[in-house]
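The values are calculated or read from the model by the stated rules, or taken from the named source; none is laboratory data. Note that the structure is a prediction, hence the values are computed from the model and not measured. Methodologically, a virtual Cβ is constructed for each residue, glycine included, from the backbone with ideal geometry; neighbour enumeration extends over all protein chains shown. SASA here: full protein model, heavy atoms, side chains in, ligands and nucleic acids out. Shrake-Rupley method; radii C 1.70, N 1.55, O 1.52, S 1.80 Å.
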Amino acid sequence: MDFNNHYQEIDLSYCRASSGKRLANYIIDLIVFYVILFGVYICVGILFSGLLDGITDLVDRLIAMVCYGFIMCLIEAVSRGKSIGKLITGTKAVNLDGSEINFAKAFTRNMIRVIPFNAISGLSSPCDPWHDRLSDTMVVDEKKLSLQTQRVDLFDAVKNQTQ
């Protein structure tokens, strides 16, 4: 699929991931994150036994929020817009023009996730949470994107034959 050559011709609003898939992404990613965080806490507790003793509930939540943004940033940056949840549901984060996100965009997008009530902002239809709006990104369904790309390729082929 040669998506990057045709992204200006593709209707990305049609390719937008559904609210249900976005919710599934969030739940899967949250579970994966807590498994990772639990593993890190166990390792820190074993290696530095007294380090976690003085942490209050508020500090623990703040650390978890920042870690969530950072871990999701690393996963999306390395996998070019896909988190574990997006990989399972067949979606990916892209720039508004359809191009792949870079590390800076993944960092911005995922640090905005730390804002309280960001998850609630995604309850609209179409799903457009703050971390998408403020970072100029969107999550697209890869099957729909593939169909749109095939449509553009087909019309390009027909247009080239008639010329």
Discussion item. Residues that are more than 12 Å from the chain's Cα centre (by Cα), assigned to a helix (DSSP H, G or I) and charged (D, E, K, R): does segment 109-121 have at least one?
Written reply: no
Worksheet item: Under 6 Å by Cβ, and 6 or more places apart or on different chains, what pairs join a residue from segment 100-123 that is among the aromatic types (Phe, Trp, Tyr) with one that is surrounded by fewer than 19 Cβ atoms within 10 Å (Cβ to Cβ)?
Response: Phe103/Ala77
Practice prompt. Go through segment 104-144 and give me each residue that's within 15 Å of Gly69 (Cβ to Cβ) and in contact with a Leu (Cβ under 6 Å, 6 or more places away or on another chain).
Written response: Ile112
Worksheet item: Among (1) touching a residue at least 60 places away in the same chain (Cβ under 8 Å); (2) more than 19 Å from Arg22 (Cβ to Cβ), where does Asn160 come up short?
Response: (1)
Discussion item. Please go through (1) touching a strand residue (DSSP E or B) at 6+ places or on another chain (Cβ under 9 Å); (2) at pLDDT 90 or above for Gly98 and return the number of the only condition it doesn't satisfy.
Written reply: (2)
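Please state which one of Leu58, Leu52 is loosely packed, with under 12 Cβ neighbours inside 10 Å, touching a Gly at 6+ places or on another chain (Cβ under 9 Å) and farther than 18 Å from Val139 by Cα. Before you say what the answer is, go through the steps one by one.
Working: Leu58 fails: touching a Gly at 6+ places or on another chain (Cβ under 9 Å).
Residue meeting the stated conditions: Leu52.
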Worksheet entry | Residue count, segment 114-154 (criterion: closer than 17 Å to Val94 by Cβ and of a type in the set (Gly, Ala, Ser)) | 3
Response to the item:
Taking first residues from segment 36-48 that are farther than 17 Å from Ile75 by Cα and second residues anywhere that are at pLDDT below 85, the pairs with Cβ under 8 Å that are 6 or more apart or on different chains are Tyr41/Leu52; Val44/Leu51; Val44/Leu52; Gly45/Leu51; Gly45/Leu52
Practice prompt. Consider Ser135 carefully, then state whether it is in contact with a Lys or Arg (Cβ under 8 Å, 6 or more places away or on another chain), open to solvent by less than 90 Å² (accessible area, probe 1.4 Å) and of a type in the set (Ser, Thr, Tyr).
Written response: yes
Item to complete: Quick one: count up the residues across segment 12-35 that are open to solvent by 70 Å² or more (accessible area, probe 1.4 Å) and either within 25 Å of Gln150 (Cβ to Cβ) or touching a Pro at 6+ places or on another chain (Cβ under 8 Å) (or both).
Response: 2
Worksheet item: Name the residues in segment 79-99 that are part of a loop (DSSP other than H, G, I, E, B) and touching a residue at least 12 places away in the same chain (Cβ under 8 Å), would you?
Response: Arg80, Gly81, Ser83, Gly90, Leu96, Asp97, Gly98, Ser99
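For (1) in contact with a Gly (Cβ under 8 Å, 6 or more places away or on another chain); (2) basic (Lys, Arg); (3) open to solvent by less than 20 Å² (accessible area, probe 1.4 Å), each residue gets a yes or a no:
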{"position": "Arg113", "(1), (2), (3)": "yes, yes, no"}
{"position": "Ile120", "(1), (2), (3)": "no, no, no"}
{"position": "Leu123", "(1), (2), (3)": "no, no, no"}
{"position": "Lys143", "(1), (2), (3)": "yes, yes, no"}
{"position": "Gln148", "(1), (2), (3)": "no, no, yes"}
{"position": "Asp156", "(1), (2), (3)": "no, no, no"}
{"position": "Gln161", "(1), (2), (3)": "no, no, no"}
